[in-house]
Amino acid sequence: MPVLKREQARDMGDASGLPKLPVPPLQQTLEMYLKSMSHLIPEEQFRKTKAIVEKFGAPGGMGEFLQKKLIERSDHKANWVYDYWLEDMYLSNRLALPVNSSPVMVFPKQNFKGQSDVLRFAAHLISGVLEYKSLIDGRALPVDYARGQLAGTALCMDQYNKVFTSYRLPGPKTDTLVAPKSAVMPEPEHIIVACKNQFFVLDVVINVRRLNEKDLYTQLERIRKMADIEEERLPPIGLLTSDGRTQWAEARSVLIKDSTNRDSLDVIERCLCLVCLDEPSGIELTDTNRASLMLHGGGTDKNGGNRWYDKPMQFVIGADGCCGVVCEHSPFEGIVLVQCTEYLLRYMRGSPSKLMRAASMSELPAPRRLRWKCSPDIQTFLTASADKLQKLAKNLDMNVNKFTGYGKEFIKRQKMSPDAYVQVALQFAFYRCHGRLVPTYESASIRRFQEGRVDNIRSSTHEALAFVKAMVNSSKITDAEKMELLRTAIKAQTKYTVLAITGMAIDNHLLGLREIAKELKLEKPELFSDATYATSIQFILSTSQVPTTEEMFCCYGPVVPNGYGACYNPQMDHIIFCVSSFRDSAETCSDLFVKTLEGCLKEMQDLCRKCNTEAKPADSTERREGTPKVMKNGNKS
């Protein structure tokens, strides 16, 4: 079991030792906004936007008034943007959670020889979950410290408290993130096991005793047998949680009219997490297929109904070895998901399975199946939800690619930030595919501040455009000039990253100005009804660096219908790229994007080698390009 240094621990519930998130200067944000959009929209549109922005920021104008109100808000709130951001980013979003919102972590394929192996793995994993939860409850987790730019700063640990205790409740217009307000609320002492689209309650604490691994195995075996009784099977109610949020809220309001359903919902909503025992999918378990299966369960005809998407953590264990975690994203960021899953994988590797002495079956009360009463209205909702999930699964165009040409070691030898370098490469690939750049989202952690979540690094900079144009369109520019443009693009990206992680980016600030105007019931400022603002928040390229130190990778879907999701995991000698798009968009193709990206990364390496003698191989012992290496993985968000 991993050893945690107690001296590193800090009161995780107390973020007051951290500074408050600053409100950036108004003029700085407005100038950065114009600069970030000037090369992404037509000239005439930009002139109009410039005038609107200048009017908004004029002395004594609306901008100054709203800025003053934001500063007042920051005086009496731990984090002035948190509530606005949470609602805008997640709770008011009406799209279905699978693919559109919930990221997943994909584990290495497991080689289960039979059902007992599956249940042994599940029991071992649940033991790890209970250990990790006890560390959170005992405030014994080591504090996270910033990595990458401005490394070494202590980060807010608040998000960990929501990993096993929160729940996303659907609403007709906006969802609610239900999280415990205090430590006096009763702790959940059960998990939900999903098996063959049925839901079972597995009490993990019985008579004040935490179940050991053998007990857990015994109970899981019982659940498996109960799930096999066909005449007891109930409709796959979990499918309702895969629908659009408004539709699920409507279905839920019908469900809760019956007391049986109310009780079942209450038990699910209060559980620690879900463990989903999946049936074999019947397809080849490549990295790409495992990622797709984790994102949507393979649709209705595979394991899509064996889920409850409103819970933050669903551990998926497929009989065919397809395993991972599905994460409801509103309570916490990717780094928290990584830290938790890495702990579990290390726990399972380092702590031998404890299936020695069996507690006799009679000592343990039987797990119970959750019951549902399904009216004709619920059946209608289920049919619609099933149809939509099936279409969503078919529409996802996923490509997981392990680029083995080089990794962050080579990039660091160029004295460049690996993250900034990969971001410029993504811009290069997009430009080569589409002949333009678009507003780009790269999540940047602001956990240096109380209750900090993320802001956005806008990677489609002027400087990136100058570099990619030189690479794609101009044969007259020398390699030395191209190299200078690459260094300038990376410097601009790095500078924006530092602004973002220190609370000085523009997206949260603009959101705060927009939302406080709405809160004060003022007419919407023209800045926010302008077409440029709408374009600026349509993130056709949505990206995130999620490095891991264990062999696993993270992926998610696009955030707009004609966009790409691009999650990447840079290791010493390779980079894992998980690129997603939708098949029904004529503008996107994940395979083409990945193939283009590989070419762009090679061109950038060639340029570095030509222009930087340090980057050339010292001798013939340098690893041959393309030689596969076992993933042994290394965050921003």
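The values are calculated or read from the model by the stated rules, or taken from the named source; none is laboratory data. It should be emphasised that the depicted structure is a prediction, and the values quoted were computed from it without experimental measurement. Reconstructed Cβ throughout: ideal geometry from the backbone, glycine too, with neighbour counts over all protein chains shown. Heads up: the accessible areas ignore ligands, DNA and RNA and are worked out on the full protein's heavy atoms, side chains in. Shrake-Rupley method; radii C 1.70, N 1.55, O 1.52, S 1.80 Å.
Would you point out which residue out of 40, 30, 18 is in a helix (DSSP H, G or I) and at pLDDT 95 or above?
Selected residue: 30, the only one of 40, 30, 18 that is in a helix (DSSP H, G or I) and at pLDDT 95 or above.
Name the one entry in 93, 100 that is within 19 Å of the chain's Cα centre (by Cα), open to solvent by less than 40 Å² (accessible area, probe 1.4 Å), of a type in the set (S, T, N, Q) and closer than 24 Å to residue 541 by Cα.
One residue alone meets the criteria, 100.
Under 8 Å between Cβ atoms, at least 6 apart or on separate chains: pull out the pairs that start in the stretch 399-413 with a residue that is over 21 Å from residue 580 (Cα atoms) and aromatic (Phe, Trp, Tyr) and end on any residue that is modelled with pLDDT under 95 and open to solvent by less than 20 Å² (accessible area, probe 1.4 Å).
Hits for this filter: 410/615.
Of the residues 86, 125, which single one is in contact with a strand residue (DSSP E or B) (Cβ under 7 Å, 6 or more places away or on another chain), assigned to a helix (DSSP H, G or I) and open to solvent by 10 Å² or more (accessible area, probe 1.4 Å)?
86
Quick one: residue 5 ticks every box in (1) modelled with pLDDT of 95 or more; (2) surrounded by fewer than 20 Cβ atoms within 10 Å (Cβ to Cβ) except a single one, so which number is it?
(1)
Checking the conditions here, which among 303, 261 is in contact with an Asp or Glu (Cβ under 6 Å, 6 or more places away or on another chain) and crowded, with 18+ Cβ neighbours inside 10 Å?
303
Report, ordered by the first and then the second residue, all pairs with beta carbons closer than 7 Å, sequence separation of six or more or different chains, a first member in the stretch 19-43 that is farther than 27 Å from residue 541 by Cα, and a second member that is assigned to a helix (DSSP H, G or I).
As it stands, the answer is 20/74, since those pairs meet every condition given.
Which residues, taken from the stretch 147-181, are open to solvent by less than 50 Å² (accessible area, probe 1.4 Å), farther than 22 Å from residue 88 by Cβ and among the hydrophobic types (A, V, I, L, M, F, W, C)?
Result: 154, 155, 157, 163, 164.
Report yes if some residue within the stretch 525-533 is in contact with a helix residue (DSSP H, G or I) (Cβ under 8 Å, 6 or more places away or on another chain), crowded, with 19+ Cβ neighbours inside 10 Å, small (Gly, Ala, Ser) and on the phi < 0 side of the Ramachandran plot; otherwise report no.
no
Of all the residues that make up the stretch 404-430, how many are among the β-branched types (Val, Ile, Thr) and open to solvent by 10 Å² or more (accessible area, probe 1.4 Å)?
Total satisfying the criteria: 1.
Being small (Gly, Ala, Ser), at pLDDT below 95 and either open to solvent by 10 Å² or more (accessible area, probe 1.4 Å) or more than 26 Å from residue 106 (Cβ to Cβ) (or both) is true for just one of 351, 375, 292, 362. Which residue is that? Before the answer, list the steps.
Details: 351 fails: either open to solvent by 10 Å² or more (accessible area, probe 1.4 Å) or more than 26 Å from residue 106 (Cβ to Cβ) (or both); 375 fails: at pLDDT below 95; 292 fails: at pLDDT below 95.
Answer to the selection: 362.
Hey, could you check the stretch 393-403 for residues that are out of contact with any Leu (no Cβ under 9 Å at 6 or more places or on another chain) and more than 30 Å from residue 607 (Cα to Cα) and say which is surrounded by the fewest Cβ atoms within 10 Å (Cβ to Cβ)?
394
Give just the number: which of (1) more than 28 Å from the chain's Cα centre (by Cα); (2) within 30 Å of residue 146 (Cα to Cα); (3) open to solvent by 50 Å² or more (accessible area, probe 1.4 Å); (4) of a type in the set (A, V, I, L, M) does residue 520 not satisfy?
Residue 520 satisfies every listed condition except (2).
Please work out which residue is surrounded by the fewest Cβ atoms within 10 Å (Cβ to Cβ), limiting yourself to the stretch 574-591 and to residues that are under 18 Å from residue 539 (Cβ atoms), in contact with a Ser or Thr (Cβ under 9 Å, 6 or more places away or on another chain) and not hydroxyl-bearing (Ser, Thr, Tyr).
587
Can you name the condition, by its number, that residue 222 falls short on among (1) open to solvent by less than 10 Å² (accessible area, probe 1.4 Å); (2) part of a helix (DSSP H, G or I); (3) within 20 Å of residue 203 (Cβ to Cβ)?
Going through (1) open to solvent by less than 10 Å² (accessible area, probe 1.4 Å); (2) part of a helix (DSSP H, G or I); (3) within 20 Å of residue 203 (Cβ to Cβ) one by one, residue 222 breaks only (1).
Mind checking which residues of the stretch 489-545 are assigned to a loop (DSSP other than H, G, I, E, B) and over 29 Å from residue 557 (Cβ atoms)?
From the stretch 489-545, those assigned to a loop (DSSP other than H, G, I, E, B) are 502-506, 520-525, 530, 537-540; that's our starting set.
502, 504, 520, 521, 522, 523, 524, 525, listed by residue number.
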